[in-house]
Every structure is written in structure tokens, then in C-alpha cells.
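The values are calculated or read from the model by the stated rules, or taken from the named source; none is laboratory data. The structure presented is a predicted model; accordingly, all values stated were derived computationally and were not measured. All Cβ positions, glycine included, derive from the backbone under ideal geometry; neighbour counts span all protein chains shown.
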Amino acid sequence: MSAPSSYRNWPILLVLSLVSLPLMIMCLYSVIDAFTDTGPGTLLPARVTLEHFRFLWEPVAEGRGSIWTATANTFIFAATSALVVTMVSLTAGYALSRLNFPARGFFLAGLIVLHAFPTITLIIAIFLILQMLGLYDTLIGVIVVKTALELPLGIWIMKGFYDTVPWEIEMAGVQDGASRAAVWWHLVLPQVQPGLMALILFSFLSGWSEYILPQVLAPGSEAQVLSTYLNSLILDDTKADFNLFKAVGLFYAAPVVVIYLFFQKHLMNIYGGGTKG
Amino acid sequence: MQLDLIDFTKRFGNTTVIENMSLSVHSGEMIALLGPSGCGKSTTLFAICGIHRIDEGRLLFGGTDVAHLPSQSRNVGVVFQNYALYPHMTVAENIAFPLKVQKMNRIDREKLVRKYAALVHIEALLERRPAQLSGGQQQRVALARALVRQPDFLLLDEPLANLDAKLRLEMRSEIRRLQQETGLTAILVTHDQVEAMSMCDRIALMNGGRIVQYDTPTAMYAAPEDQFVAGFLGNPPISFLSGKGLGLAAPGVTQYGIRPEAFGPQFGEGVSGRITFVETQGREDLFDVQLPTGEILRSIQPAGSGITPGTTVDWGLAHDQLLRFDQDGTRL
């Protein structure tokens with residue numbers, strides 16, 4: 001967009017700025033409070049300090065786990081579930097888009113229902129199942145649950161991408177002598193690559209920001225992730241340290257911001273769908 | 001290699017699309033599967049290359065039954081209507097793909113790619129991607145990719161449908177040249193009778209899931225088996241009349257077929273009517289002549305006659321070129 005036309009949009013910009021002002025202020029104060037000694041209820045920042053970031057090199061309190069364990073857990077949690085979701089969606093989406101197998105219609109309908117289903121209502125059942133399996137309060141348990149809940153969306157998105165790949169490409173590949181699997185790997189996958197990229201980022205971010213599942217299914221400190229770590233900061237103490245809370249919050253949000261900055265274009269694909277040669 | 005399709009039947013669900021169809025293609029011959037859309041010509045093509053399963057019947061490649069072999073083991077090269085090039089690969093990679101699947105080594109692969117790129121005149125485009133090519137160039141790449149694995153048969157599914165008029169003419173002779181140079185047995189699927197007649201040794205004209213007539217273009221044009229064949233071949237099309245307006249009558253004949261070149265002043269007089277429409281085609285003019293009975297006869301004449309709509313003319317018929325049909329539409 002050229003400069004003059006963006007000026008012409010000023011009434012829209014003004015309205016949007018006003019509406020998002022509260023959010024902007026909150027974000028701004030997260031940053032200000034993390035680096036200064038601004039007390040709760042005051043607006044003017046006081047002394048500039050880095051001491052709220054002490055959690056990076058020492059435990060914030062006695063018996064509290066290190067932030068690095070929580071970060072590693074969060075990363076394992078988000079990366080594993082993103083990887084599994086992507087791999088299963090890549091194959092399941094292809095099957096649903098292209099192969100004629102028994103009960104295909106049932107699976108398609110089930111996918112939409114599950115996608116729209118408020119999965120949180122299943123939490124008690126999931127809790128019981130995990131306990132029976134001995135996976136309660138383990139990272140792997142939460143990963144399994146998160147992956148399962150994330151799959152319907154992932155499969156649906158990948159199916160949409162596969163649907164845009166012309167049949168003729170596959171027919172041509174088969175005629176050229178390649179097996180169905182080779183056709184999928186060499187000819188179809190490159191066409192859905194934007195979807196693959198978007199899905200892996202999307203599910204990673206979704207895992208990174210997940211709070212309810214780890215909170216309910218893995219409340220112990222062993223499997224603590226950043227969101228539950230953050231929660232525990234203001235839960236236990238009678239006198240909550242909000243500056244520390246905001247500093248950890250910034251630390252927690254930083255990777256998300258970085259991912260958005262670098263992969264914006266790929267993430268937008270998930271809404272666009274489809275490929276152009 | 002000789003191709004024989006024997007008693008081929010294809011069903012989709014409960015609908016039988018093609019029933020007991022038989023077709024033989026001699027080695028080195030190029031034939032057309034011609035017919036209106038929905039006649040089953042593409043279905044037949046896809047059954048031959050293995051994309052559609054053959055429900056009943058046999059398919060012989062050089063005498064060996066391949067009906068139950070998957071596409072991959074049939075060694076058939078196919079050119080699709082929209083070319084189906086692989087968009088993420090360069091032209092060279094596209095052509096090399098069938099060889100790569102065969103695990104041929106790089107040096108032999110490159111040699112063959114070069115050879116076939118030269119054959120279809122696209123040596124200069126090898127590093128480009130399909131999106132950077134024109135329709136005609138994409139078509140050539142598709143041809144090279146189909147030919148590079150030295151297939152037993154070349155199948156072409158409406159290969160010229162997506163090209164503009166000028167390119168279509170060029171590719172028509174180009175495809176025929178390639179087929180003759182390589183000596184391949186080829187099957188062309190098309191709905192365009194001009195394409196079929198100009199490119200192929202024989203035409204199998206299909207309608208409603210069966211072959212109505214299978215003959216050389218000349219024989220089919222001169223001696224169509226029935227009214228459908230007569231009406232499908234020829235441009236401008238043939239006119240069908242009851243014979244009353246022509247002053248003709250013969251036992252059993254209900255319809256006369258008169259091609260536009262069989263009616264005109266060069267054949268004397270005898271049929272008079274009023275010119276209702278003149279279409280100038282440059283070298284020739286096409287006239288619609290309305291007879292007193294209301295029926296329309298078409299005539300094609302060299303341009304420059306100066307005859308305008310509204311004129312009454314008295315022209316003659318070439319009686320030896322008349323086609324006579326009985327009430328079932330069969331030619332007598």
C-alpha cells in the first residue's frame with residue numbers, strides 16, 4: 001500500500017487504534033513493569049532494574065523448580081505435539097482427500113464434529129483415563145492428550161490443502177511409473193508444503209500457549225510448563241510479585257513474538273489455503 | 001505394438017458406461033477416439049492406461065493381457081488435457097521424472113532428457129519452471145515426458161483443447177510428426193472431428209458408450225454407417241432432408257444427407273430455394289438455402305459469387321454423393 005492511500009484510511013485507523021488502546025497499554029506496561037520497580041496501582045515507572053529477571057539464573061523461591069526445566073518441558077511439549085500432529089495430519093489428510101476407504105464419510109463427519117466439540121468437557125474422562133494408564137502427572141500424558149485434541153483441526157486443514165492439488169498430477173505420476181507412495185512424497189507433498197509449514201507453526205504455538213491441560217493433568221513440578229509455572233508464581237504467595245510475574249511473562253511470550261515475526265507469511269497460508277505454481 | 005481391447009465393460013456404481021466394446025490398434029498406427037462429450041472416450045483411454053479399472057473384458061498389449069496390471073507396469077505414456085506438469089520441478093526435472101523412478105543413473109538420464117527435449121524443440125527451456133512457459137511449450141514438455149521412457153503406447157487426452165487456434169494447428173502437425181518419427185502406436189481422444197481426421201490413420205467414432213464406426217477418415221466421411229456418423233463428421237455439417245423438397249423418393253429411404261459440397265450451381269439445376277444466410281469464410285462462402293418446404297440445405301462455394309441473402313437460386317445436387325438413410329438412421 002502506498003503512503004497516500006494509507007493516510008486516506010485515517011478514520012479507520014483512528015477507530016482501530018482507539019479500540020485496541022487498552023491492549024496496547026497492557027502490553028506496554030508488561031514491558032515497563034518487567035524492567036522497572038513500578039508498584040501495583042502506580043503509572044509512573046520508578047527505578048530501572050534487571051533484578052526481576054533473576055529467575056533466569058536462580059530459583060525464585062525455595063523449593064521452586066528452575067525456569068529452564070519449565071522452558072525445556074514447554075519446548076518438548078509444544079515441539080512433540082506439533083510434530084506428531086503434523087505427521088498424522090499429513091497422512092490422514094491425504095487419505096481423506098484422495099483415497100476411497102470404508103467409512104470415509106463417517107470419518108469426515110466425525111472430524112467436523114470433533115473440531116467443533118468443546119473438548120474441555122472431556123477433561124474429567126481424560127483425567128480418569130490418564131490415571132488408569134499411569135500417565136497422570138507426566139509430560140508424555142499431556143502430550144498425548146494435546147496431540148489428540150489438536151488432530152481434528154490439523155487433519156481438516158491438510159485435507160483442504162490436498163483438495164487443491166489437481167488429480168492429474170497424481171495420474172501423471174502413476175503413469176510415469178511411480179508408486180502411490182512415491183507420488184505422494186515426490187509430487188504431492190511439495191504442493192502442500194505451505195500448509196505443512198503453517199500447520200507445524202500453528203500447532204507449535206498452540207502447544208506453547210496451552211494452559212488448561214498441563215494445569216489439570218500434570219500439576220506436579222516435574223512436568224511443569226511455563227504457563228503453569230507462571231500461574232504458580234501468583235498462586236502460592238500471599239504477597240504476589242507482579243514485576244517478577246511480568247518479567248516471566250515477557251520471557252514466555254518472546255518466542256511467540258519471534259515466530260510470528262519470522263513466519264507471518266507461512267502462518268497466513270492456513271487461512272488462505274491452496275497453492276500457486 | 002498391437003493393442004487389443006476385447007469385450008471391455010466399465011461401470012461406475014450401477015451405471016454401465018461402456019458395454020462389451022472391442023477395439024484393435026495396429027502397431028505404429030495412430031487412431032482417434034472421437035465422440036461427443038460423455039460418450040465414454042476418456043473412460044476408455046483411462047482404462048487403457050490403468051487409471052480406471054477394467055470391470056470386464058481383456059486388454060492385450062502385444063498379445064499379453066495387462067487388464068489386471070497396475071498403471072505403473074503398463075509402460076504407457078499419457079499426455080493429459082491440462083498437461084499435468086509438476087509445478088515445483090524444472091522442465092528438465094519434469095522430463096527426467098519417469099527415468100528417476102526407474103532409478104536410471106544421472107548421466108544416462110541427462111542424455112535422454114536432452115535427446116527428447118531436442119525432439120520436441122524445447123532445448124532452450126530446460127531450466128525453466130512450468131509456470132514460466134506458454135501453453136504450447138507446456139504441451140511439448142508433457143509430450144517429452146510421455147516419450148522419454150520409450151513407452152509401448154502414447155495416449156493423448158484432448159491434447160489440443162487448451163491451446164489457441166493458431167497453436168492448435170501447429171501442435172496438430174507436431175504431434176503427428178512425433179508419432180511418425182518415433183513409430184509409436186498412439187491413441188488420441190478428442191471431440192473435434194477436424195483434429196481426428198487430420199491427425200489419425202483411423203477413427204473410432206463413439207456414441208453412448210459404444211463404437212459406432214471404426215474406419216479411415218476418408219472412408220468414414222464418404223461412407224458413414226449411419227446418420228450419427230454422417231452428422232458428426234464434416235465441417236460445415238451435412239444437411240438432412242426428407243426428400244420431398246428435393247423431388248426425390250426411393251423405397252425405404254426416409255432421410256437424405258447432403259453435404260454442402262454436393263449442392264451448388266456446378267451440378268446444374270433442379271432444386272430451387274431462397275438464400276437465407278451467407279457466411280464468408282475467406283476462401284469460401286457458406287450459403288443456407290431454404291427450400292419451399294421450409295427445409296434448409298447448405299452449400300459451400302468459392303468466394304466472390306456476389307450472391308446476397310434474399311436471392312432465389314436454382315442449383316443442382318451431386319447425385320453420386322447423396323447419402324440415403326432408412327427410418328432407423330442406417331445408411332442404405
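Quick rundown of the values:
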{"item": "Residue tally, condition outside any helix (DSSP H, G or I) and either over 17 Å from the mean Cα position of the chain (by Cα) or surrounded by fewer than 17 Cβ atoms within 10 Å (Cβ to Cβ) (or both), over segment B:154-191", "result": "5"}
{"item": "Unique residue being in a loop (DSSP other than H, G, I, E, B) and either over 30 Å from B:Val120 (Cα atoms) or of a type in the set (Lys, Arg) (or both) when the list is B:Glu279, B:Glu269", "result": "B:Glu269"}
{"item": "Set A:Leu244, A:Leu196, A:Leu205: member being in contact (Cβ under 8 Å) with a residue 40 or more places away in the chain, in a helix (DSSP H, G or I) and within 14 Å of chain B (Cβ to nearest Cβ)", "result": "A:Leu196"}
{"item": "Set A:Val183, A:Val174, A:Val165: member being within 14 Å of chain B (Cβ to nearest Cβ) and assigned to a loop (DSSP other than H, G, I, E, B)", "result": "A:Val165"}
{"item": "Lone qualifier among A:Phe107, A:Phe77 - being touching a residue at least 12 places away in the same chain (Cβ under 8 Å) and out of contact with any Asp or Glu (no Cβ under 6 Å at 6 or more places or on another chain)", "result": "A:Phe77"}
{"item": "Residue ID - surrounded by the fewest Cβ atoms within 10 Å (Cβ to Cβ), chosen from residues in segment B:47-103 that are away from every other protein chain (no Cβ under 12 Å) and among the small types (Gly, Ala, Ser)", "result": "B:Gly63"}
{"item": "Criterion: without any contact (Cβ under 8 Å) to a residue 12 or more places away in the chain and either over 23 Å from B:Ala146 (Cβ atoms) or in a strand (DSSP E or B) (or both) - qualifying residue of B:Gly77, B:Gly38", "result": "B:Gly38"}
{"item": "Test: residue in segment B:321-330 that is touching a residue at least 24 places away in the same chain (Cβ under 8 Å) and farther than 30 Å from B:Ile211 by Cα", "result": "no"}
{"item": "Residue match in segment A:121-134 (condition: closer than 30 Å to B:Ala142 by Cα, assigned to a helix (DSSP H, G or I), away from chain B (no Cβ under 14 Å) and of a type in the set (A, V, I, L, M))", "result": "no"}
{"item": "Pairs, first farther than 15 Å from B:Met171 by Cα and assigned to a helix (DSSP H, G or I) in segment B:118-136, second hydrophobic (A, V, I, L, M, F, W, C) and modelled with pLDDT under 90, C-beta under 9 Å, six or more apart", "result": "none"}
{"item": "Only one of B:Lys111, B:Lys100 that is assigned to a helix (DSSP H, G or I) and over 27 Å from B:Ile48 (Cβ atoms)", "result": "B:Lys111"}
{"item": "B:Ala196 vs. criteria within 11 Å of the chain's Cα centre (by Cα), surrounded by 23 or more Cβ atoms within 10 Å (Cβ to Cβ), part of a helix (DSSP H, G or I) and not basic (Lys, Arg)", "result": "yes"}
{"item": "All positions within segment A:142-194 that are among the acidic types (Asp, Glu), under 27 Å from A:Ser81 (Cα atoms) and crowded, with 21+ Cβ neighbours inside 10 Å", "result": "A:Glu150"}
